[in-house]
Structure formats: C-alpha cells, structure tokens
C-alpha cells in the first residue's frame, strides 16, 4: 500500500514538473514574437525561426543522454539537477541584449525539453506493465504546458510592460520562469523518492544495445509524427490562420489553443486505451484518423475558372441577334446560360466545392459563321471555401489523435524494452523532438517552392501513410509467425 502511494506521489510530481518544463520549453514562441513586434529587436523571419526552434533542438538532443542517466542514477537527482541547471540560462535570458546572447541562453534553457525522457523513465519504474500505459499517459498530459504559455505568457507580458509603456518589463518574464523551475526542482527533490531499474547498473555500451533494434526507430518515426507534429503545429498554426484566413494574431492564438490544449490533456486517455485494448490497435486508429483528416485538408481555399462546355453552330448563317440568354443565327436560336456573378459570399458556410457554369458569346450581330463554329464559350467557375470552422474541427481531431498517439507510442516501449525504458524512450524522444524542429523548416520550404499553405498537410499525410504501411507490414509478419507457432503446436 505504501509502495503504491509513493508511486502515485512520484507520478504527480513528475507530471507537475513536466508541465513546468514544457511551458518553459515553449517560451520563445511567444517571447520572440513579442520582442520583434514591439521593435525591441530587429530580427528577420529567419532569425526568429532559429530562436523559436533552437530550444526544441537542444531538448531533443539531450533526451538520450538524460534518459541513460535516469536509468543509471534514478529520476530524483537527474530531474532536480536538470531543472536547476535550466533555470540559470532562463534567468540570463532576461538580460540578453543581442541575437547571439539570446541564442546562447535559448540553447541552455532548451534542456527543459529533455525532461520528458527523464519523467518517462522515472515514472515507468514505479508501475507494473499493466498500468504503465495509463501512468505514462497521465505524465504526458504535461504537454499542456505549451498551451499554458501560449495563452498565459502574452497576458503576463502585457502586465509587465504596462501595455507597452514600459517595454523593458519583458525582462522579468524569463526570470519568473526561472524561479518557477528552481522552486519546482526543490519541491521535486524534497517530496519524491528515488528508484532505479536493475538495468541501470550495466555498462553504457550494454545500455545502448537496444538502439540496434529496428523496432526502436519505427517507434521513433511514430513519435516524429505524433509528438514532433504536435510541437510543430503548436507554432505553425498561428501564421497559418493569419495568412490563410486573415485572422488577427490574438484570434489565431486562441484557435491554435483549440489544437494544443486538448491534445496535451487527452494523452492520459491514450494511456488508458493503450492499457485496455493494446497500443497496436490504438495506433491503427490514430494513424487512420490523421491520414483521413490531413487528406481532407489537402485542398486549399481557392477559386478556379476553366473552359466549360461551349455552344457551336448547327449550320452556317448570319448572326442576327445576341443577348445574355440567346444567340440567333438565321432561323436557329441558341439558348445561353446567363453569366453568373463571380463573387461568392464568404460568410456563407460552404462545405463542398461550389460549381457554377455559364456562357459568354464569342460572336456579334452581322457575323458570318460556319457549321460547328464556336458561338459561345463555356465558363466553369469552381469555388472552395475551406471554411475556417471546418478547418478548425479537422485540426482539433488531428490534435486529439496526436495526443492519444503520444501515449500509445510510449506504451510500446516498456512492453518491448522493460529494462531500457530510459535509453529507448530517450532516442524515441530525440526523433520526436527533431520532428518538432525540422517540420516547420520543411513547411517553410514547401510553402516557398510550391506556394500552397496546405503542403503542410500533404507532408503529414505522407509521413502518416509511411507509418501505417510499416505498422501493417510488421503486424502481418507477427500474425504469420503466430499462425506457424500454433500450427506446429497442434
């Protein structure tokens, strides 16, 4: 009973610490945008992108070594030291006066992103295999820290700067985050109980042996999608809403939180589902849902005008009358579809593409025409609204699927690698974190080369399809193997 109480206490502390760390990890997305918008620093879009992404990179790279250290020394000292060390560059960030200083300090506090690998390894050792999915799902709900920063930091900045009157007040925000990290480190160390897996006492080369297993990298690809995609979209959706739907930054931020907040909180549900029906079944539903939604988001808001079905003369003769609805050639009368207004009321909810067709006369009164000569050209106008509310619902579903998928992936790890959760969880976390770093860069490149914002969803669809195919191949092999074993046993 006491062991169980301690396990839940550690899980609660792990989750709380991860929430604080994740909120700190996402700080630059809000802070850098605020500083540039208010003219504190004159950084271009490329520099802003690097500063926003660099903590994600650091946190991703550090996940493997910190996962190894957690397996070796336990989560209590590693987690506490991680938060204390991260608090130092976070505090110094408030004193930065140049791009290089901001970059260096961002690299430092980016270590908070590695807290995931520590928390996963430290949580898993306290729970049995049957409950690990639920426990890790609850822990992963700390992803909601991203939404806390997205929604809370702008208001704090507004208060600290007196609505922009005292712009230097921004420097207090990193200090507040640094204090939160330091206080959390002390609370965590005082109230948690350390525990190490038996495998932690092996040599480093033995601990890293699972990395030769292809299965680890398959889990990494899954996590590239569900976690890396979450981190990338949590930042990318703001400019997406602003550019595609002409939203204000405030409204775009609120709509983005519809994606990020539920995605973080739903992770606990993903853990419960993975325990009850298995991670494999959950991943099929997750990947299938993401594939369907991203495919439906392929099609951009657009208007297309194309040649349609025209009207040709049945016999030659002289054009005697031309109007919007008729053309007279000799004794023949040709009926035209009238020209429709091209403008579409964008406030109207249009789910499916709206197609209109009409004719435009190509002849005038007195013209001599031959048989099968074109009298009126057909025009087809296609309008697709890509309604913002339908779009938001689709993105919400993708966020929910990613949140559940994050838990399912980490349910796999203790099942297949019970003694190497820190190491395997670390490398899977590295791949996932790198997804959050490189995906926005890929989005930007695709947008620049093709000119469509929806290339974001095309990219995710291809990744999802790859994951589905790989999962299906593996399941098919396992099924055949089980069938052979049953046959030989009988």
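The values are calculated or read from the model by the stated rules, or taken from the named source; none is laboratory data. Just so we're clear, the structure is a prediction, and the values are computed from it rather than from any experiment. Counting neighbours? That spans all protein chains shown, and the Cβs are built from the backbone with ideal geometry, glycine included.
What to note about this one:
- Of all residues in the range 447-469, those satisfying the criterion of being surrounded by fewer than 17 Cβ atoms within 10 Å (Cβ to Cβ) and modelled with pLDDT under 90 are 448, 449, 450, 451, 452.
- Some residue of the range 75-96 being assigned by TED's automatic domain parsing to the domain that holds residue 183, modelled with pLDDT of 85 or more and farther than 29 Å from residue 13 by Cα: yes
- Qualifying residue in the range 72-88 (condition: under 22 Å from the mean Cα position of the chain (by Cα) and touching a residue at least 40 places away in the same chain (Cβ under 8 Å)): no
- The lone criterion from (1) more than 30 Å from residue 467 (Cα to Cα); (2) modelled with pLDDT of 90 or more; (3) crowded, with 16+ Cβ neighbours inside 10 Å left unmet by residue 222 is number (1).
- Condition check for residue 48: within 14 Å of residue 111 (Cβ to Cβ) and touching a residue at least 12 places away in the same chain (Cβ under 8 Å): no
- Residue check, residue 417 modelled with pLDDT under 85, touching a helix residue (DSSP H, G or I) at 6+ places or on another chain (Cβ under 7 Å) and within 26 Å of residue 50 (Cβ to Cβ): no
- Sole residue being in contact with a strand residue (DSSP E or B) (Cβ under 8 Å, 6 or more places away or on another chain) and either closer than 23 Å to residue 394 by Cβ or modelled with pLDDT under 80 (or both), chosen from 303, 326: 303
- Taking (1) within 30 Å of residue 243 (Cα to Cα); (2) at pLDDT 85 or above; (3) assigned to a loop (DSSP other than H, G, I, E, B) in turn, residue 351 satisfies each apart from (2).
- Hits in the range 241-251 (condition: under 21 Å from residue 299 (Cβ atoms) and surrounded by fewer than 22 Cβ atoms within 10 Å (Cβ to Cβ)): 242, 243, 244, 245, 246, 247
- Screening residue 299 against (1) part of a helix (DSSP H, G or I); (2) more than 17 Å from the chain's Cα centre (by Cα); (3) surrounded by fewer than 23 Cβ atoms within 10 Å (Cβ to Cβ) leaves a single unmet condition, (1).
- Residue within the range 258-265 that is assigned by TED's automatic domain parsing to the domain that holds residue 123, farther than 20 Å from residue 391 by Cβ and over 14 Å from the mean Cα position of the chain (by Cα) present: yes
- Hits in the range 302-316 (condition: surrounded by 12 or more Cβ atoms within 10 Å (Cβ to Cβ) and within 18 Å of residue 451 (Cα to Cα)): 302, 303
- Restricting attention to the range 127-175 and to residues that are modelled with pLDDT of 85 or more and assigned to a loop (DSSP other than H, G, I, E, B), the residue that is farthest from residue 261 (Cα to Cα) turns out to be 166.
- Qualifying residue in the range 304-317 (condition: part of a strand (DSSP E or B) and free of Cβ contacts under 8 Å to residues at least 60 places away in the same chain): yes
- Residues in the range 266-286 that are under 19 Å from the mean Cα position of the chain (by Cα) and outside any helix (DSSP H, G or I): 266 alone.
- Qualifying residues in the range 360-391 (those that are free of Cβ contacts under 8 Å to residues at least 60 places away in the same chain and under 30 Å from residue 137 (Cα atoms)) - the one surrounded by the fewest Cβ atoms within 10 Å (Cβ to Cβ): 389
Rundown of residues vs (1) surrounded by fewer than 23 Cβ atoms within 10 Å (Cβ to Cβ); (2) in the same structural domain as residue 277 (by TED's automatic domain parsing), yes/no style:
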| residue | (1), (2) |
| --- | --- |
| 393 | yes, no |
| 413 | no, yes |
| 432 | no, yes |
| 438 | yes, yes |
